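Visitor: The structure under discussion is supplied below as structure tokens; questions concerning it will follow.
The values are calculated or read from the model by the stated rules, or taken from the named source; none is laboratory data. Keep in mind that this is a model prediction, so the values were computed, not measured. Every residue, glycine as well, gets a Cβ built from its backbone with ideal geometry; the counts of neighbours run over all protein chains shown.
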């Protein structure tokens, strides 16, 4: 017997709305925490600048003349002073500019997103809002979030975000707003709560189906 995942939508004022059936292939999975970790590692690796570097022997401006004659001084034999043994010389095998990004299979990335969404639903941290329309005042929106019982939260909207909501939420700490196209595993897992707007649900399901 097929078990349907149901959730009540809410208004910003925490008033119950219609009952919504969620796609169990997206919100009803047994969360793969190992896959979530892989996707987060992949995301963070792409963000790393990788611009750390040091001067090597060839980058140091220094005379190439031999420091002193080869034999007869009683000291070790040396050539140029730009080598790493001397003060001011270049570093040997130091860090160079490179990309830290690596490839990750598209199926793994999609499974990671499904697992993150399923995890929020399983923990009871997923809310569905019927609309983001508000008066644009930060104080009013903060009171509405208090009624909903959310603080550290990510809000996923449809193709466009309500301008008043965006204006009001920009002044509230620990509230991030993304469209469904920008939804990603890292931003989902680093927030305690996940709010999805009703009109974004269908778009998310189409994206992950």
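So that you can scan it fast, the table gives a plain yes or no per residue for (1) outside any helix (DSSP H, G or I); (2) surrounded by 13 or more Cβ atoms within 10 Å (Cβ to Cβ):
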| residue | (1), (2) |
| --- | --- |
| 45 | no, yes |
| 55 | yes, yes |
| 67 | yes, yes |
| 77 | yes, no |
| 93 | yes, no |
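Visitor: Here's another thing I want to ask about it. Is it the case that residue 112 is touching a helix residue (DSSP H, G or I) at 6+ places or on another chain (Cβ under 6 Å) and at pLDDT 95 or above?
Guide: Judged against the criteria, residue 112 is a match.
Visitor: Something else now. How many of the residues making up the range 162-180 are surrounded by fewer than 18 Cβ atoms within 10 Å (Cβ to Cβ) and either in contact (Cβ under 8 Å) with a residue 12 or more places away in the chain or outside any helix (DSSP H, G or I) (or both)?
Guide: 11
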